[in-house]
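Here is the structure we will look at.
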Amino acid sequence: MAEQNNGWTRRDFLTTGGAVVGAGTLLGWPLHSLAFRPDIVNPLAHYPARDWEKIYRDQYRYDSMFDWVCSPNDTHACRVLAYVRNGILTRMGTQYNYQNYSDLYGNKASPNWNPRQCAKGYTFHRIVYGPYRLKHPIVRKGWKEWADDGFPELTPENKSKYKFDSRGSDVHLKIDWASVLKYIAKGYVAIAKRYSGEEGAKRLRAQGYPEEMIAETGGAGTRTFKMRGGMGLLG
Ligand code: SF4
């Protein structure tokens, strides 16, 4: 039985291949130029133009490199190497040395963690130079109004008023760095006050937090902070 591959039989292939070779010969293709040259022992040594090899190797040249820590919302915090050429980040890499350092308690990772970073870390320079990179802080309009009103309790009415139940329909406002840092500080103070002590524990209980988590705060509202959205995004 004839072999099948993508609907082709061996016979189809041989018939068509023979027709192509035959046509090439009829059209005068210099097939003889593919013949073996006994006078050239090493074809690479006789290659007429090898400048392309220099360009090929040169594309990986770099002027300097530095380590940075990738820490988006996935919390892995991988160490990534960045290569710089002419003042531009051209590519990312890895050091393969996760086994060489430890945490404060002396715990070390095994070499199996190398290379640790994912494709996102390896292509982060595209985000740095990308057209959608956020280059200044922004704050959600409803969140800012809530902060300006002194962070009132988020009752169902207030959730609607400040759009905590419809963030996607809200807009973000550009804000300067000094102001955004003040807003962040004010938010932290409000959280710390609201969730500290027995009153804070009661609130957490009412919100459905399990007793183990509430006990873990040790009565300090500061331990309920949830950092959200890097790059100066509030809301
Ligand atoms: S390199 Fe990937 S896994 Fe590591 S922190 Fe960045 S995004 Fe997360």
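The values are calculated or read from the model by the stated rules, or taken from the named source; none is laboratory data. Worth saying up front: this structure is predicted, and the values here are computed from it rather than measured. With ideal geometry, Cβ positions are generated from the backbone for all residues, glycine too; neighbour counts draw on all protein chains shown. Only protein heavy atoms, including side chains, enter the accessible area calculation; ligands, DNA and RNA are left aside. Shrake-Rupley method; radii C 1.70, N 1.55, O 1.52, S 1.80 Å.
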Notebook entry, point to check: What is the calculated FRET efficiency for residue 216 to residue 61, with r their C-beta to C-beta distance and R₀ = 45 Å, to the nearest 0.05?
Noted result: 0.30
Margin query: Taking all protein chains in place and a 1.4 Å probe, what share, in percent, of the accessible surface of the stretch 138-234 do carbon and sulfur account for?
Written below: 59
Next item on the list: List every residue whose amide H lies under 5 Å from the amide H of residue 173, counting only residues 5 or more places away in sequence or on a different chain, with H placed 1.01 Å from N in the peptide plane.
Entry: 139, 140, 141
Item checked: Heavy atoms of residue 41 accessible to a 1.4 Å probe, total area in Å² rounded to 10 -> 140
Check: Just the accessible area per residue of the stretch 138-234, please: how many Å² with a 1.4 Å probe?
Finding: 65
Margin query: Using a 1.4 angstrom probe on the protein heavy atoms only, could you order 136, 125 from most to least accessible area?
Written below: 136, 125
Margin query: Quick check: the distance between the Cα centres of the stretch 191-217 and the stretch 151-188, to the nearest angstrom?
Written below: 22
Margin query: Let me cross-check residue 165: its accessible surface, 1.4 Å probe, with only protein heavy atoms counted, in Å² to the nearest 10?
Written below: 90
Margin query: I'd like the Karplus ³J(HN,Hα) series for the stretch 78-92: coefficients 6.51, -1.76, 1.60, θ = phi - 60°, whole numbers in Hz, and an x wherever there's a Gly or Pro.
Written below: 7, 7, 10, 8, 10, 9, 10, 9, 6, x, 10, 5, 9, 6, 10
Item checked: Mean Cβ neighbour count within 10 Å, used as a protection proxy, ranking 151-159, 75-83 highest first -> 75-83, 151-159
Check: For the stretch 85-148, what does the alpha-carbon gyration tensor say about shape, rounded, prolate or oblate, given a ≥ b ≥ c as the root eigenvalues, a/c under 1.5 as rounded, and a/b over b/c as prolate?
Finding: oblate
Check: With charges set only on the Cβ (+1 for Lys and Arg, -1 for Asp and Glu), what does the dipole of the stretch 64-128 come to about its Cα centre, in debye to the nearest 20?
Finding: 220
Item checked: Net +/- balance of residues flanking residue 90 in space, Cβ distance below 14 Å, scoring K and R +1, D and E -1 -> +2
Checklist line | For the stretch 138-234: relative contact order, % (alpha-carbon pairs under 8 angstrom, 6 or more apart) | finding: 32
Checklist line | With DNA, RNA and ligands ignored, accessible area of residue 34 (1.4 Å probe; Å², nearest 10) | finding: 140
Check: Taking a spot 7 Å from the Cα of residue 73 along the direction of its beta carbon, which residues of the stretch 161-202 have an amide N less than 18 Å from it?
Finding: 164-173
